[in-house]
Amino acid sequence: MSRSSKDAGGNQKNERDDNKETGFLDQTLRPSRWDDYIGQKGVKNNLHILLTAAKERNHPPEHILFYGPPGLGKTTLANLIAKETRAQMKVTSGPAIMKIGDLAAILTNLSAGDILFIDEIHRLNKAIEEVLYPAMESGTLDIIIGKGPSARTIQLELPHFTLIAATTRIAMISSPLRSRFSGGVFKLEFYSIAEISQIIRRSAKILGVDIDDDAINEIAARSRFTPRTANYHLKRCRDYAQINKTAIDKRSVLGALEMLGVDSLGLTSADRDILRVIIHKFNGGPVGLNTISAALSEEQETVEEVYEPYLIQLGLLERTPRGRTATHKAYEHISGDGAGMLL
């Protein structure tokens, strides 16, 4: 039941609406219609053909795999496919399926036409993958009961369903599993600055905040070509403007992003620390990953998988057989104004 109260100005205020924004804000910002999904034109065109053809045949779409860096819209696409096909979507993740029995329970509870979405599918146990093969290919579930000579196999027929999977590490998915995504394996690309600006403008409208074009451009330029990062920056800029009783303009956006440590290229303080270590402590490199991680007191996997990809994408860092090397562009950026060109 929705309860109403009055705010300080005497206006009616719906508590359910407030709770919805507070608890499910990220979900609210997610596009719920194809027309609202900005970018990834090639993927959307392919999906349109796939879904339209399946609908005309009155058959569930074939299995689909999305891959790419975090925050580019893989889960959103899965939700849009479910809405387009008017199918129920069951959601799980690779780490959550710990035993074969877990997968069996999920599959046997599916109804005809359902969509099963598995996030981070590369973290599935290999033994569980083996059970998934026949389920995807022929709609059967083979369960082994017992051990040793008395073991026997039970084969269960499954309803026609669509598996949609997402991963940030496609190389960790075995070739047999990849080949069973007969609907297609789609790579999500990074977004352009113009596309990120459109996303920010749409999110600002949903949040009910006024933001000028200069502010949008500043956020877009520092959002690492990723919608999730853009929405995070927008929300923090809204908070900063609210607390400081100011409009969300270029000046307040710069103030908010400076507090977050986000500079003109979207680098965080941790990103800049990596460049400074290579430039100032090791004369620009080459220097080994283990040495960099030791100098920063960071795990090697964190440096390699979290920070390095964006630095390489911007041309600030190079990986060579002898180690990591800072580029001329990195020198210019770090020495820009003595503070990493923060503003």
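The values are calculated or read from the model by the stated rules, or taken from the named source; none is laboratory data. Since this is a predicted model, take the numbers as computed values, not measurements. Quick reminder, even Gly has a Cβ in these numbers, built from the backbone with ideal geometry, and neighbours come from all protein chains shown. Only protein heavy atoms, including side chains, enter the accessible area calculation; ligands, DNA and RNA are left aside. Shrake-Rupley method; radii C 1.70, N 1.55, O 1.52, S 1.80 Å.
In square angstrom, what is the accessible area per residue of the chain with a 1.4 angstrom probe?
On the way: 18450 Å² over 343 residues.
Here the per-residue accessible area is 54 Å².
Order 131-144, 295-308, 107-120 from most to least packed using the mean count of other Cβ atoms within 10 Å.
Averaged packing, sorted descending, gives the order 107-120, 131-144, 295-308.
Could you list, bin by bin from short to long, the percent of Cα-Cα pairs of region 195-343 in 5 Å steps?
2, 10, 19, 19, 15, 13, 10, 7, 4, 1, 0
Mind checking the angle between helix 41-56 and the chain's longest principal axis? C-alpha axes, 0 to 90 degrees, to the nearest 10.
Its long axis makes an angle of about 20 degrees.
For region 107-216, how big is the tail of P(r) above 22 Å, as a whole percent of Cα pairs?
53 percent
List, in the order given, every pair from 83/205; 83/187; 126/235; 90/245; 126/281; 83/250 whose Cα-Cα distance in the structure shown is over 32 Å.
From 83/205; 83/187; 126/235; 90/245; 126/281; 83/250, over 32 Å: 126/235; 90/245; 126/281; 83/250.
Provide Rg over Rh for region 69-139; use the alpha carbon set for both Rg and the Kirkwood Rh (inverse mean inverse pair distance).
Value, to two decimals: 0.97.
With labels modelled as points extended 7 Å from the Cα through the Cβ direction, what inter-label distance (nm, one decimal) is found for residue 154 paired with residue 175?
Using points 7 Å along Cα→Cβ, the separation is 3.5 nm.
Determine the distance separating the Cα centre of region 234-255 from the Cα centre of region 289-321; give it in Å without decimals.
Between the Cα centre of region 234-255 and that of region 289-321, the gap is 32 Å.
Carbon and sulfur: what percent of region 236-343's accessible surface (1.4 Å probe)?
That share works out to 49 percent.
Could you give the size of the charge dipole of the chain about its Cα centre, using +1 on the Cβ of each K and R and -1 on the Cβ of each D and E, expressed in debye and rounded to the nearest 20?
420 debye
What base-10 log of the normalised intensity I(q)/I(0) is obtained for region 175-258 from the Debye formula, alpha carbons as equal point scatterers, at q = 0.12 Å⁻¹?
-0.40
Regarding the chain, what are the three Cα extents along the principal axes, ordered largest first, in Å?
72, 66, 36
May I ask for the Rg/Rh ratio of region 45-102, computed from Cα atoms with Rh as the Kirkwood radius, given to two decimals?
1.02
Find how much the distance from residue 44 to residue 57 grows on full extension, using 0.36 nm per residue of separation minus their present alpha carbon separation; answer in nm with one decimal.
2.7 nm
Can you give the local net charge around residue 127? Use residues other than it whose beta-carbon is closer than 14 angstrom to its beta-carbon, Lys and Arg +1, Asp and Glu -1.
Once positives and negatives cancel, what remains is -1.
Nearest 500 deg cm²/dmol is fine: what mean residue ellipticity at 222 nm does the chain get from its DSSP H runs of n ≥ 4 alone, each adding -39,500 (n - 2.57), divided by its residue count?
That comes out to -13000 deg cm²/dmol.
If you place +1 on the Cβ of every Lys and Arg and -1 on the Cβ of every Asp and Glu, how big does the dipole about the Cα centre of region 21-169 come out, in debye to the nearest 20?
Once rounded to the nearest 20, the dipole reads 100 debye.
So, R0 is 51 Å and r is the distance between the beta-carbons of residue 201 and residue 144; what FRET efficiency does that work out to, to 0.05?
Values: r = 55 Å, r/R0 = 1.07.
Approximately 0.40, to the nearest 0.05.
How long are the three semi-axes of the equivalent ellipsoid for region 33-190, computed from the Cα gyration tensor as the root of 5 times each eigenvalue, in whole Å, largest first?
Values: eigenvalues 160, 63, 30 Å².
Equivalent ellipsoid of region 33-190: 28, 18, 12 Å, largest first.
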